[in-house]
Amino acid sequence: MSIDLQQFHETFFEESFEGLDIMESGLLGLEQGDVDLENINTIFRSAHSIKGGSGTFGFSAVAEFTHDMETLLDQMRNGERQVSKSVVETLLGSVDVLRNMLNAIRDGSDIDIDSVAETTVAIKAILGLENTVSAVENSTEVTAKGWIVHFKPFTDIMKTGNDTVRLIRELNSLADKAEVTINNDSLPALSDIEPEDCYQSWVINLIGGDISEDDIHEVFSWVDDDCELQIEALANEADYIGPERRDDERRQKAPERRNTERRTTKSSESSSIRVNISKVDELINMVGELVITQSMLSRFGDQEDFTPATIERLKDGLAQLESHTRELQESVMRVRMMPISFAFQRFPRLVHDLSTTFEKKIELIVTGEGTELDKTVLEKIGDPLVHLVRNSLDHGIESPADRVQAGKSETGVIELSAFHQGGNIVIQIKDDGAGLNKDKILSKAKEKGLVSQDERMPDEQVYDLIFRPGFSTADVVSDVSGRGVGMDVVRRNIRELGGAVEVKSTPGEGSVFTIRLPLTLAILDGQLVGIGEETYILPVISIIESLQVKSENINAVAGSAEVYRLRDEYIPIVRLYQIFGIKPISTDLENGLLVVVEAEGKKIAIYVDDLLGQQQVVIKSLETNFKKIEGLSGATILGDGTVALIIDIAGLIDLYQKDMASSVVSIKGAAA
Amino acid sequence: MSETAEELDAQETEKEFKELLTFFLAGEEYGVDILRVQEIKGWDSVTNIPNTPEYIRGVINIRGAIVPIIDMRLRFMLEKKEYDATTVVIILNVVSKGNADRVMGVVVDAVSDVYNVPINDVKASPDFGTAVDTEFVTGLATIDEKMIIVLDIDHMLNAAELAVVDKMTE
Amino acid sequence: MATILAVDDSASMRQMVSFTLKGAGYQVTEAADGQEALTKAKSQQFDLIITDVNMPVMDGITFIRNLRGEANYKFIPMLMLTTESAGDKKAEGKAAGATGWIVKPFNPDQLLNTVKKVLG
């Protein structure tokens, strides 16, 4: 029977990547001086597991590579080798190589043989080994037509669970014919016999079968130290006429490594998820409740007459249905949630490497790794986060010399944190560096024509300019930060996830980038608004307040722009019907309402004809059958089956600004 | 459907016949591959999408999917006509290269019939100013002495403003 | 059919061993470390133990040593999964009471052959 091992490959890859992460953080720990034996053992075990698994599943290149790593780690855990910075660096490098190898195998792409060879040489150099393939032991393939085996086990052979009958049976299966003679000379009197001891010995004649001496030793390999073994070849061939048996199965040599190293299935993002069993139990409970409610409601289907009493019960049942459905929905969403640690865990290594590259001293503080968010969002937030952290490292934190001069400590601090707020997850990247250079940003923006020459903007808006497409103040496009991937792409990627990003900065003290992401991509709390004959949806989370217009608070600014004075702020009024080309019920602001919303640190007041209800709304993509429309984040289907469009506040603000830019006016933000 | 529109197409081209659903639009009769027709609906209200060309009437809900509806008269700048009892929306499966199949609807004056046309009978269209751009016309067929203009749905509904931005060029 | 306890901290290895042995009709229970294995072995009688050596919490050799001390496991075959280079592990294992070993990497057929030999 042959078993297809491929079904275990995915599990192997997953656990290997986890193992590599464990190795990496363990090695980083070693470097910090955490030379704890348990730590080294953990690193060793991970390497050992990967080696074992890769060998078993036929990934011999991986097994070979990992073998030397394992040897090195073994020496370290035995105390034979000191933990030194260069050894840890080499091992860190080999973790990377291993990661790439596993990824390549999993995707079916080519392994980077050069980097593998390079690192192998480095490891072997440390081990003091010549870079040669270890010689294969020559086995003595002396075969004979027959053998005589004298087998005398020691008394406690059975105490290791070994069974003499089994051994003799195995010998028997090697040969065409076997004669067994038992020797009971050492057997004591019955009353003195210890049933757990072995007193007997045997002489076994094996005839035929093309057995080699090694084959016989093989049978006894486990009990080498527990017996006396004498093997003689039969001098004269016994006159044995029998069929030539060539049983290949008896000869078990090195395992065949026929499995191909490459796999044809692709999986860049893993399509499986690990779920805490308590979440699954919760779901089962919810579904149970739902079933009960459903069967209760189904009885109404048989109802002939509806009395006020039955209608009351029906209403109760429907209310229960709503609450159970909501609970089930929340439970299911939680299944898709994973802690953000999965996205954060690459940063210690990244910061470590980059600080070396940039010759800066950086301390990374990570908090809130347990904060959970949707798996898909988690997978996609990684790259934007990396870009922002790199940016802080490259442009934010000053060189150690500059920092000392500025009266700061040599080591810069980058804080990466995550927490829940409202229906969102908030991720912050804070550095105690030099902060954003307002003047430089403004002049660059003017230079690039993003902003008019006589522009006067409050600081927050200047900082926000770094997110505009076509903007980059890096004088030299550094390999790390400026690879054609700008802040505008970061913002776009985050918006695509339904989130937003903004920056706050204090010159000389540092900057904070704040990312807000919805906890789920699929569902939204929506405020229905009426504009003309049409219904649109505003995300409740962006709404600050709604109000009736008092005309004395409306101010016109340089032509077509209007602002509303709300307490001590002036908020731009956005006539949505104009931007969307809809015929409103009234163009007189006093007849409708203003809904004040906020996104990415900017506020606007949207003029609507009517406020309709609030409800949970399932977000459907416009792009599936159509395309992305600016200002809209998607669509949904209302209870009556009609489609309502969901407004993307940040996108709407962009649209409004573009609209206004053509009338050469800028938005004034919070400043009065 | 277990097979994509493309696969069905491939199977079809092996046969000698093409089955067409035909419809009327401003006095002309057009035909589309029946295998691409998902369903036919009467005209009902749509949700308008802002800042889109007039011929994109809006979107509707078809069993949970958001489907855009295109007015063919407006698309090809034909005379506008009031929708009446015969006005029909044909829901089509559209194939776009490198992307998943999409579902879109087109508003036409009325549905005509279903014909089995021998492939060889679909002749190349001379450039004689049909309302519809000849680049969207696969060819002309003659059925019962009528001329049917056979349309290339994929091309027509992927073109210009309707096209999903190709991932490469983004 | 016989019951086997398979112990390894690697999920993919456990899966492979389990699948292979179950396919041959054995009943298989899994454990991820020596401590878990010890608890399971004490609550249910197994006919064969197969265990990895390097595991967190309690390693394979300690596990075997502990289990050997149990009356109902005095003669039960216990096999270690070792790598070729770990010669000293084999001796250590034997001293702790291991019956024998299976060398990693192994393929399913090798595993089955060894198990068949031991269980008869």
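Looking at segment B:107-125 only, could you name the residues that are assigned to a helix (DSSP H, G or I) and either in contact with a Ser or Thr (Cβ under 6 Å, 6 or more places away or on another chain) or among the acidic types (D, E) (or both)? Spell out the reasoning first.
First, pick out the residues of segment B:107-125 that are assigned to a helix (DSSP H, G or I): B:119-121.
Residue satisfying the conditions is B:D121 alone.
Need the failing condition index for A:N41 against (1) closer than 21 Å to A:D353 by Cβ; (2) surrounded by fewer than 21 Cβ atoms within 10 Å (Cβ to Cβ); (3) touching a helix residue (DSSP H, G or I) at 6+ places or on another chain (Cβ under 6 Å), just the number.
(1)
How about segment A:55-66: which of its residues are more than 8 Å from chain C (Cβ to nearest Cβ) and assigned to a helix (DSSP H, G or I)?
A:S60, A:A61, A:V62, A:E64, A:F65, A:T66
Do you know which residues across segment B:46-76 are more than 9 Å from every other protein chain (Cβ to nearest Cβ), among the hydrophobic types (A, V, I, L, M, F, W, C) and in contact (Cβ under 8 Å) with a residue 40 or more places away in the chain?
The answer is B:I62, B:I70, B:M72, B:F76.
Do the conditions hold for A:D383, that is, is it on the phi < 0 side of the Ramachandran plot and surrounded by fewer than 19 Cβ atoms within 10 Å (Cβ to Cβ)?
Criteria met by A:D383.
How about segment A:12-44: which of its residues are under 22 Å from A:R346 (Cβ atoms) and either within 10 Å of another protein chain (Cβ to nearest Cβ) or among the aromatic types (F, W, Y) (or both)?
Residues satisfying the conditions are A:F12, A:F13, A:E14, A:E15, A:S16, A:F17, A:E18, A:G19, A:T42.
Here are the criteria: (1) crowded, with 19+ Cβ neighbours inside 10 Å; (2) closer than 11 Å to C:L48 by Cβ; (3) more than 7 Å from chain A (Cβ to nearest Cβ); (4) in contact (Cβ under 8 Å) with a residue 60 or more places away in the chain. Tell me which single one C:L119 does not satisfy.
Looking at each condition in turn, C:L119 falls short on (1).
So which of B:A110, B:A141, B:A131 is closer than 19 Å to B:I40 by Cα and either more than 14 Å from every other protein chain (Cβ to nearest Cβ) or among the aromatic types (F, W, Y) (or both)?
B:A110
Would you mind stating whether A:V549 is buried (at least 20 other Cβ atoms within 10 Å of the Cβ) and at pLDDT 85 or above?
For A:V549, the condition - buried (at least 20 other Cβ atoms within 10 Å of the Cβ) and at pLDDT 85 or above - is not met.
Conditions tested, residue by residue: (1) in contact with a strand residue (DSSP E or B) (Cβ under 8 Å, 6 or more places away or on another chain); (2) more than 9 Å from chain A (Cβ to nearest Cβ); (3) at pLDDT 85 or above.
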| residue | (1), (2), (3) |
| --- | --- |
| C:R68 | yes, no, yes |
| C:A71 | no, yes, yes |
| C:K74 | no, no, yes |
| C:S85 | no, no, no |
| C:D88 | no, yes, no |
| C:A98 | yes, no, yes |
| C:N107 | no, no, no |
| C:Q110 | yes, no, yes |
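Just to check your reading of the model, which residue among A:L566, A:L594 is over 25 Å from A:I629 (Cα atoms), among the aliphatic types (A, V, I, L, M) and either surrounded by fewer than 18 Cβ atoms within 10 Å (Cβ to Cβ) or at pLDDT 85 or above (or both)?
Just one listed residue meets the conditions, A:L566.
Can you name the residue in segment A:11-38 that is over 30 Å from A:I362 (Cα atoms) and not polar (S, T, N, Q) and is also surrounded by the fewest Cβ atoms within 10 Å (Cβ to Cβ) among such residues?
Here the answer is A:E14.
Taking A:E196, is it of a type in the set (D, E, K, R), touching a residue at least 24 places away in the same chain (Cβ under 8 Å) and either within 11 Å of chain C (Cβ to nearest Cβ) or touching a Phe, Trp or Tyr at 6+ places or on another chain (Cβ under 6 Å) (or both)?
So A:E196 fits the description; yes.
Scan segment A:449-506 residue by residue and report those that are among the acidic types (D, E) and either part of a helix (DSSP H, G or I) or at pLDDT 85 or above (or both).
A:D459, A:E460, A:D464, A:D488, A:E496, A:E502
Quick one: in segment C:44-100, which of the residues that are over 25 Å from A:I40 (Cβ atoms) and hydroxyl-bearing (S, T, Y) is surrounded by the most Cβ atoms within 10 Å (Cβ to Cβ)?
Residue satisfying both the conditions and the ranking: C:T99.
Which of the residues spanning segment C:34-66 are closer than 29 Å to A:D4 by Cα, within 11 Å of the chain's Cα centre (by Cα) and within 11 Å of chain A (Cβ to nearest Cβ)?
Matches in segment C:34-66: C:D47, C:L48, C:I49, C:D52, C:V53.
Pull out all pairs, ordered by first then second residue, where Cβ-Cβ is under 8 Å, the residues are six or more apart or on different chains, the first lies in segment A:85-111 and is at positive phi, and the second is among the charged types (D, E, K, R).
Correct list of pairs: A:G108/A:R262; A:G108/A:R263; A:G108/A:K266.
Could you tell me which of the residues A:A418, A:A445 is touching a Phe, Trp or Tyr at 6+ places or on another chain (Cβ under 9 Å), at pLDDT below 85 and not aromatic (F, W, Y)?
The unique qualifying residue is A:A445.
The values are calculated or read from the model by the stated rules, or taken from the named source; none is laboratory data. Treat the numbers as computed from the prediction; the structure is a model and nothing was measured. Ideal geometry is used to build each Cβ from the backbone, glycine not excepted, and the neighbour counts take in all protein chains shown.
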